[in-house]
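Student: Quick one: structure below, then a few questions.
Just so it is clear, none of the values below were taken in a lab; they were calculated from the coordinates. Just so it is clear, the model here is predicted, and its values are computed rather than measured. When we count neighbours, we look across all protein chains shown, and the Cβ atoms used for this are built from the backbone with ideal geometry, even at glycine.
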Amino acid sequence: MAKKLSMFVIIIVASIAFAAGFMFNTVPSAAPIAEEIKSSLNLENTTEFGIPAQREFVPANITLVGSRVALQNGCYLISFQVTDDQAFSISHGLGNTIGARPLTHDILKDVIDDFGIKILGMRIERFGEDIYYARMFAQQADKVLDIDMRPSDAIALSVRTKNTLYINQTMLKEKGDNICLGRG
């Protein structure tokens with residue numbers, strides 16, 4: 001039984017690694033953005049995520065109440081509902097809690113760490129068709145990876161990896177609530 005379980009774990013980890021490699025190498029829109037990111041970064045000495053100058057992104061403070069995520073910068077806040085599973089994963093990441101069994105985002109963090117992938121940054125870029133869109137930029141050796149993500153996944157992974165989640169400031173002001181209004 002232990003041998004079957006061990007083989008099952010190896011197959012799962014290999015599948016995740018394969019899927020991660022597949023995603024990293026086949027994002028159709030990655031080339032132009034990756035080149036833009038690559039040109040804005042000094043890959044040998046980068047410790048912070050370099051945001052291209054033509055885009056305005058600000059750090060987002062992340063809070064979770066029930067299954068509602070709130071992202072805030074200054075007076076502006078956007079919030080949205082996530083599934084119970086997503087809320088559970090985000091909550092564990094925010095609390096730096098490790099359960100008896102790893103969650104999907106814990107596994108992804110381990111794969112990222114074990115394959116020497118450095119997360120350069122994560123950001124929520126835009127809102128369209130009632131959906132928020134997020135991206136993760138990472139570095140593997142001299143290759144810049146540009147990965148399309150759900151915002152809930154970007155949030156869950158950013159809190160686990162202690163990476164700042166950035167949000168498009170214009171979108172935040174247009175879609176968000178100004179929580180400072182009315183204060184005197």
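Student: If you stretched the chain out fully between Asp114 and Asn61, how much longer would it get, using 0.36 nm times the residue separation minus the C-alpha to C-alpha distance?
Tutor: 16.3 nm
Student: How big is segment 49-147 in terms of Cα radius of gyration and Dmax, in angstroms?
Tutor: When restricted to Cα atoms, segment 49-147 yields Rg and Dmax of 15.1, 44 Å.
Student: Highest first, please rank the peptides 115-128, 93-106 by the mean number of other Cβ atoms sitting within 10 Å of their residues.
Tutor: 115-128, 93-106
Student: Would you please report the Å³ per residue occupied by the convex hull of the alpha carbon atoms in segment 132-184? Walk me through the intermediate numbers first.
Tutor: Values: hull volume 6.4 nm³, N = 53.
So the per-residue Cα hull volume is 121 Å³.
Student: How high is the relative contact order of segment 75-184, in percent, counting Cα pairs under 8 Å that sit 6 or more residues apart? Please report the intermediate quantities before stating the final value.
Tutor: On the way: 150 pairs, mean separation 38.3, N = 110.
Reported relative contact order: 35 percent.
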